[in-house]
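Q: Sending over a structure as structure tokens; questions will come in a sec.
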Amino acid sequence: VSPGQLYGDILYFATEARAGWAHSDPHPFYFWGYFVGLNGLWVLVPVLLLLDAGRELARAQRGHDRPRHKAH
């Protein structure tokens with residue numbers, strides 16, 4: 001789900017940038033606070049989840065790659 005959310009966010013910001021930010025309030029507080037800040041959370045959360053998943057996958061792979069000792 002996170003890559004899909006990230007893809008949608010990139011499209012959202014890219015299409016708005018291509019339109020010249022025509023649909024956002026030109027005041028700096030509203031633009032940076034609401035448009036970039038609040039919508040940026042929808043970029044930050046999937047990125048953090050993807051990083052966490054990558055770390056967990058790497059940890060699991062390291063555990064799987066360890067040589068197993070046979071009991072005699």
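Q: If you roll a 1.4 Å probe over the chain with all protein chains in place, what percent of the accessible area is carbon or sulfur? Each step should come with its number before you reach the end.
A: Details: 4150 of 6240 Å².
Summing carbon and sulfur atoms, their accessible area is 66 percent of the total for the chain.
Q: How much net charge surrounds VAL36 when only the other residues with a Cβ under 14 Å from the Cβ of VAL36 are counted, with Lys and Arg +1 and Asp and Glu -1? Before the final figure, lay out each step's value.
A: Numbers: positive: none; negative: ASP9, GLU16, ASP25.
Around VAL36, the surrounding residues sum to -3.
Q: With the crude spin-label approximation of a point 7 Å out along Cα→Cβ, what separation in nm comes out for ASN39 versus ALA22?
A: Result for the modelled spin labels: 1.4 nm.
Q: With +1 on the Cβ of every Lys and Arg and -1 on the Cβ of every Asp and Glu, and nothing else charged, how large is the dipole of region 3-65 about its Cα centre, in debye rounded to the nearest 20?
A: Details: 4 positive and 6 negative charges, 31 e Å.
That gives region 3-65 a dipole magnitude of about 140 debye.
Q: With every protein chain present, what is the per residue accessible area of the chain (1.4 Å probe, Å²)?
A: Details: 6240 Å² over 72 residues.
It amounts to 87 Å² per residue over the chain.
Q: Still on this structure: How long is the gain from TRP32 to ALA60 if the chain were fully straight, where each residue apart is worth 0.36 nm and the alpha carbon distance is subtracted? Working shown, then result.
A: Details: separation 28, 0.36 × 28 = 10.08 nm, distance 3.94 nm.
Computed gain between TRP32 and ALA60 is 6.1 nm.
Q: Taking only Cα atoms, what is the 0 to 90° angle, nearest 10, from helix 2-18's long axis to the longest principal axis of the chain?
A: 20
Q: Which semi-axis lengths, in whole Å and largest first, follow from the square roots of five times the eigenvalues of the Cα gyration tensor of the chain?
A: Values: eigenvalues 381, 26, 8 Å².
Working through the eigenvalues yields semi-axes of 44, 11, 6 Å.
The values are calculated or read from the model by the stated rules, or taken from the named source; none is laboratory data. It should be emphasised that the depicted structure is a prediction, and the values quoted were computed from it without experimental measurement. Heads up, the Cβs are rebuilt from the backbone with ideal geometry, glycines too, and the neighbour counts pull from every protein chain shown. Remember, those area values only see protein heavy atoms, side chains included, never the ligands or the DNA or RNA. Shrake-Rupley method; radii C 1.70, N 1.55, O 1.52, S 1.80 Å.
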